[in-house]
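Since the structure comes first, as structure tokens, the remarks are kept for the end.
The values are calculated or read from the model by the stated rules, or taken from the named source; none is laboratory data. Model, not experiment: these values are computed from the prediction. Cβ: placed from backbone, ideal geometry, glycine included. Neighbour counts: every protein chain shown. Side chains are part of the model used for accessible areas, which takes the heavy atoms of the whole protein and leaves out ligands, DNA and RNA. Shrake-Rupley method; radii C 1.70, N 1.55, O 1.52, S 1.80 Å.
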Amino acid sequence: MHQATLQKIDEIASIVLNAHPKREIGLYTGNAGISLFLFYYARYRNAMEIHRHATDIMEDLFKQIGETPNPPFSHCSGVAGAGWLLDHLCQHGFMQDDPDENTSGVDTYLYQRALNELDRGHYDFLHGAMGVVLYFVKRKQFEYLRHLIRRLGQIALWDGEGAKWRTALFRQKEKSGFNICLSHGSSGIALVLCKVLEIMPEEEQVRALLKGAVTYILNQEIPVKQYGSFFPNISIESQSELYKSRLAWCYGDPGVALSIWRSGLLLGNQEWRDKGFEILLHLAGRRGLAENRVQDAGFCHGTAGVSHFFNRLHRITQREEFKEASGYWNMETLKMATFMDGLAGYKALHSEEHGGWQTSEHLLEGISGIGLSLLSSVMSEDPAWDECMLLS
């Protein structure tokens with residue numbers, strides 16, 4: 001499998017290097033994420049020409065941002081994700097630039113956008129305010145963080161000792177409710193709050209909101225023997241019926257369990273720590289595509305994201321269960337490359353109304369994310385890039 005993985009990584013890199021440049025700047029959905037893969041690939045292969053190509057992408061990207069009035073702001077598709085990436089690349093020796101030179105005026109712009117998003121209740125990690133909070137954690141902008149956390153607390157709804165945040169619900173038009181997933185819900189809030197607390201341990205409101213978020217998440221537990229998962233995709237009160245949640249980075253038990261476990265570690269709560277780890281070990285034993293609603297290879301909700309999730313857990317814990325799970329899903333990722341008209345054999349599955357099976361070079365659903373997952377499975381260097389996915 002090691003040799004097959006290397007061949008697939010090289011194939012993905014060749015396609016990405018020869019792809020026609022596009023205008024999207026996004027970390028998850030554009031050129032920022034493509035450059036992230038190329039930087040790590042270039043370091044692994046010791047290929048300076050590819051490194052220069054990745055650097056050119058970043059320079060063009062920030063030039064485009066500077067020339068665009070009111071550019072998209074989000075972590076997924078906008079300035080917050082691109083800014084996070086620039087800091088990451090400089091921090092880990094991929095680039096020597098001073099991030100402040102490229103982000104002049106960006107911090108103020110992102111702060112105002114994040115406040116506006118919170119004012120309308122849009123906290124979403126991918127597309128709303130919490131992705132900007134992660135950017136400010138990277139930048140260590142403590143004053144901005146205090147203001148944004150205060151506003152997050154003001155829009156929280158308290159359910160006993162649990163804190164919850166109302167949001168629009170995916171694929172449920174004109175309906176709002178309470179989401180507990182990583183990508184759009186309370187688990188994402190909790191994991192971002194963990195990042196804030198790591199650099200601002202004295203902030204009691206951060207600690208209080210984190211406790212409230214995890215308490216609410218834990219209150220959503222369902223009988224695992226009956227349903228096959230510990231939690232539903234969204235909150236119990238926001239679903240008309242309960243069913244087994246998918247195994248994915250975006251939705252399901254992986255992100256929920258990680259938020260419980262990491263919060264328990266950070267807050268010194270042994271009960272949460274044990275509960276989170278119990279769920280993570282259970283997840284390592286889940287196998288099969290159909291049984292876990294895994295239909296493509298992309299990082300967001302496919303095999304590559306699941307494989308890297310367990311790769312990260314193995315690197316943290318050295319538990320053999322996580323290594324075996326990562327290897328299983330890595331093999332499934334290789335087996336997914338079946339499309340003759342795909343990119344390196346891959347396509348991402350969308351609903352019929354959004355185009356069905358589609359090719360993508362991007363990080364979230366496309367071959368750059370698949371490439372990073374595969375690359376991280378063979379390299380000895382810590383895959384620190386996955387902080388942008390809230391996995392480290």
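See the values below:
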{"quantity": "Candidates Leu115, Leu169, Leu110, filtered to the one that is more than 24 Å from Arg262 (Cα to Cα), at pLDDT 95 or above and surrounded by fewer than 23 Cβ atoms within 10 Å (Cβ to Cβ)", "calculated": "Leu115"}
{"quantity": "Residue check for Gly83: among the small types (Gly, Ala, Ser) and more than 22 Å from Cys194 (Cα to Cα)", "calculated": "no"}
{"quantity": "Residue check, Lys347 under 22 Å from the mean Cα position of the chain (by Cα), charged (D, E, K, R) and within 24 Å of Leu27 (Cβ to Cβ)", "calculated": "yes"}
{"quantity": "Subset of region 234-263 [in contact (Cβ under 8 Å) with a residue 24 or more places away in the chain, closer than 22 Å to Ser392 by Cα and not small (Gly, Ala, Ser)]", "calculated": "Arg246, Leu247, Trp249, Cys250, Tyr251, Asp253, Pro254, Val256, Leu258, Ile260, Arg262"}
{"quantity": "Residues of region 214-228 that turn out to be under 23 Å from the mean Cα position of the chain (by Cα) and in a helix (DSSP H, G or I), as a count", "calculated": "5"}
{"quantity": "Matching residues in region 212-262 - criterion: being open to solvent by 10 Å² or more (accessible area, probe 1.4 Å) and among the charged types (D, E, K, R)", "calculated": "Glu221, Lys225, Glu237, Glu241, Lys244, Arg246, Arg262"}
{"quantity": "Entirely in region 82-160, the helices (runs of 4 or more DSSP H) that have 2 or more residues that are of a type in the set (Phe, Trp, Tyr) and closer than 24 Å to Asn179 by Cβ", "calculated": "129-139"}
{"quantity": "Any chance Ser176 is surrounded by 19 or more Cβ atoms within 10 Å (Cβ to Cβ) and either touching a His at 6+ places or on another chain (Cβ under 8 Å) or of a type in the set (S, T, N, Q) (or both)", "calculated": "no"}
{"quantity": "Residue pairs meeting the criteria (Cβ under 7 Å; at least 6 apart or on separate chains; first small (Gly, Ala, Ser), in region 200-216; second assigned to a helix (DSSP H, G or I))", "calculated": "Ala213/Ser186; Ala213/Ile189; Ala213/Ala190; Ala213/Leu193"}
{"quantity": "Index of the failed condition, Gln295 passing every other in (1) buried (at least 19 other Cβ atoms within 10 Å of the Cβ); (2) in contact (Cβ under 8 Å) with a residue 24 or more places away in the chain", "calculated": "(1)"}
{"quantity": "Any hit, region 50-70, residues being at pLDDT 95 or above and either aromatic (Phe, Trp, Tyr) or in a loop (DSSP other than H, G, I, E, B) (or both)", "calculated": "no"}
{"quantity": "Number of the condition not met by Leu289 [criteria: (1) more than 28 Å from His350 (Cα to Cα); (2) over 19 Å from the mean Cα position of the chain (by Cα); (3) surrounded by fewer than 22 Cβ atoms within 10 Å (Cβ to Cβ)]", "calculated": "(1)"}
